[in-house]
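Participant: Please see the structure below; I have some questions.
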């Protein structure tokens, strides 16, 4: 039986909106996104979708995409795989 990597989250799991899925696919970053820990995936989606203004949604989406593309960054902080 495979354990769901989201089962240990303390916050509710946010569903991925289609526009985020499309942006990840368009920039070929879906694998980089899926390789991130569950808490990071969930935090990014919650952070993006909680924005009220469309320009803030876009700014946050762009930041996530740029961080995934460059690697080693999570929410403007240095991050390496294996860190919590």
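Coordinate-derived values only; no laboratory data. The model shown is predicted, which means the values in this text are computed figures rather than measured ones.
Participant: Add -39500 (n - 2.57) for each DSSP H run of 4 or more in the chain, then divide by its residues: what number comes out at 222 nm, to the nearest 500 deg cm²/dmol?
Facilitator: Working: 4 runs with 44 residues, N = 84.
When only DSSP H runs of four or more count, the value is -16000 deg cm²/dmol.
Participant: Using only the alpha-carbon atoms, how far is helix 38-49 inclined from the longest principal axis of the chain? Give it as 0 to 90 degrees, nearest 10.
Facilitator: Roughly 20 degrees between the two axes.
Participant: With springs only between Cα atoms under 10 Å apart, run a GNM on the chain and tell me which of 43, 62, 18 wobbles the most.
Facilitator: Looking only at 43, 62, 18, the biggest GNM fluctuation is shown by 18.
Participant: Next up: Using Cα atoms only, what is the angle between the long axis of helix 54-70 and the major principal axis of the chain, expressed in degrees (0 to 90) to the nearest 10?
Facilitator: 50 degrees
Participant: What value in Å³ per residue do you get for the convex hull of the alpha-carbon atoms in the chain?
Facilitator: 109 Å³
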